[in-house]
1. Residue farthest toward the positive end of the dipole of the protein assembly as shown, with Cβ of Lys/Arg at +1 and Asp/Glu at -1: which of A:147, B:103, A:77?
2. For B:91, A:78, B:129, what ranking results if the residue with the fewest other Cβ atoms within 10 Å of its Cβ goes first?
3. Give me the lysines in straight-line cross-link reach of residue A:92: C-alpha distance below 21 Å, same-chain residues under 8 apart excluded.
4. Let's see if you can work this out: charge +1 on each Lys and Arg Cβ, -1 on each Asp and Glu Cβ, no other charges. What is the dipole magnitude of chain B about its Cα centre, in debye to the nearest 20?
5. Defining a contact as two alpha carbons under 8 Å apart and six or more residues distant in sequence, what relative contact order in percent does chain A show?
6. To the nearest µm²/s, what D does Stokes-Einstein give for the stretch B:76-170 at 37 °C and 0.692 mPa s, using the Kirkwood radius over alpha carbon pairs as Rh?
7. Expressed as a whole number of Å, what is the distance separating the alpha-carbon centroids of the stretch B:11-36 and the stretch A:24-55?
8. Kindly express, to the nearest 10 degrees and within the range 0 to 90, the angle between helix A:103-120's C-alpha long axis and the longest C-alpha principal axis of chain A.
Amino acid sequence: MTSISMSVNGKAVSGDVEDRTLLVQFIREDLRLTGTHVGCDTSQCGACVVHVDGKAVKSCTMLAVQASGSEVTTIEGLANGGDLHPLQTAFKENHGLQCGFCTPGMIMSAADMIARYKASGSKLDEKAIREELEGNICRCTGYHNIVRSIEDAAAKMS
Amino acid sequence: MYETKYQRASNVEDAAKMLAATDDGKFISGGQTLIPTMKQRLAAPSDLIDVRNIDAMKGIAVDGSNVSIGAAATHAEVANSNDVHKACPALCDLAGMIGDPHVRHMGTIGGSIANNDPAADYPAAMIALNAQITTSKRTIGADDFFTDLFETALEEDEIVTSITFQAPSKAAYAKFPNPASRYAMAGVFVAQVEDGAARVGVTGAGSSGVFRHGEMEAALSKDWSEAAIKNCKVDEAAMLSDLHGNAAYRANLVKVMAKRAVAAAG
Ligand SMILES: Cc1cc2nc3c(=O)[nH]c(=O)nc-3n(C[C@H](O)[C@H](O)[C@H](O)COP(=O)(O)OP(=O)(O)OC[C@H]3O[C@@H](n4cnc5c(N)ncnc54)[C@H](O)[C@@H]3O)c2cc1C
Ligand code: FES
Ligand code: FES
């Protein structure tokens, strides 16, 4: 067991974990933040995407001990009290989800790509969004409305 | 995943010592290959020595035509480096084609070459650029570094610390990704190095991993054009054959990717 501590959604948290504990297990099982999902065991689906030190990563492919000392943001950290994040609103308005299983990962990936494109000054157009979603799989929507939701939110956030 | 013990190293010497003191430990960098493998129980290291936070292994430095990339540089850092882009834009393109944005935020160049997956992208660039791979013990030329499928010249406790190469006069990488995994079914990195000599690195296709294609190199050294390699032969007997594509298909893909890369390099 190793004692770890990190900031999750702005709050300091700590815990004792086995070294083999994945970050996603720590988030879901120890912190009980179950918005972050696990959709595969091959590191391919992206349902588990969270931000670690400002970058989107797959929390199923990182150990909790590796994230000790880091700042982590999960889907629960996006809304501001009762006010949804613009991406959450855009997914709702554009029918960007059906079963919703992939949605936390989609939104965390989208927040990351919007921030990166904004910082570099390049345009996040439809083609770029589709390429950026390489690591996020959705079995329901066929992606069109996810892409639309992200375009909509990106425009509102610019 | 089987049990394991994790330690974070703060410098290269400590990392080597920590590993030497374990039963069956392994270095971990970005974890984007090692953790999936451990989750599948295909690897069960007794210990993990994390080298991702070692300052001496971070960063990218370009001085004239000398390019030096720290082993802990992530794929995203290489893809977005303005300095690398000026010296060798093809390497940025290659790094940007690895996996997906999340994998690129964690995965590192050192981890990728130490792993030497036959379908990984970086090894093709390393041999085509005649890169020198510096470790905790020595410097190894790329031609001698990649020895077989998932095999390298590295010893158990040897750490890749940086990669250096001379900026080529032109280069390009063309990749045909496996539609499901995004790893290369065939990837060809072409580079024109000193005195107009051409080097061609092929990944994804060879049955003993990454290789150079001598006939194409000779043809391109004389005449850098798609036409020059039209009649070059890719030996089917040396190709991988699996459910994603048989040897004949891969041999053809290598030719097609090589032509695309030559055209893209201009
Ligand atoms: C979904 C997905 C898609 C991917 N797609 C691609 C792709 O298209 N192309 C591609 O090339 N790769 C792909 N990868 C692999 C990715 O590029 C990995 O990041 C890379 O292969 C390993 O780098 P790492 O830093 O993550 O290494 P780790 O997983 O941490 O380590 C890999 C191996 O290298 C050893 N090691 C690590 N660092 C060092 C060092 N400095 N010195 C000595 N040994 C070391 C470790 O002990 C381990 O054996 C993909 C991975 C995933 C999960
Ligand atoms: S659960 Fe992490 S990629 Fe699928
Ligand atoms: S909405 Fe069901 S998986 Fe995407």
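Every read-out reported here was derived from the displayed coordinates using simple, explicitly stated rules and does not represent laboratory data. All figures in this text were calculated on a predicted structure; none of them were measured in a lab. When we count neighbours, we look across all protein chains shown, and the Cβ atoms used for this are built from the backbone with ideal geometry, even at glycine.
1. So the residue we want is A:147.
2. On the way: B:91 32, A:78 19, B:129 25.
Starting with the residue having the fewest Cβ neighbours, the order is A:78, B:129, B:91.
3. Reachable lysines: A:156.
4. Details: 24 positive and 32 negative charges, 172 e Å.
Here chain B has a charge dipole of around 820 debye.
5. On the way: 276 pairs, mean separation 38.5, N = 158.
Over chain A, the number comes to 24 percent.
6. Values: Rh = 13.6 Å.
Estimated via Stokes-Einstein, D reaches 241 µm²/s.
7. Between the Cα centre of the stretch A:24-55 and that of the stretch B:11-36, the gap is 24 Å.
8. Long axis of A:103-120 versus the principal axis of chain A: about 70 degrees.
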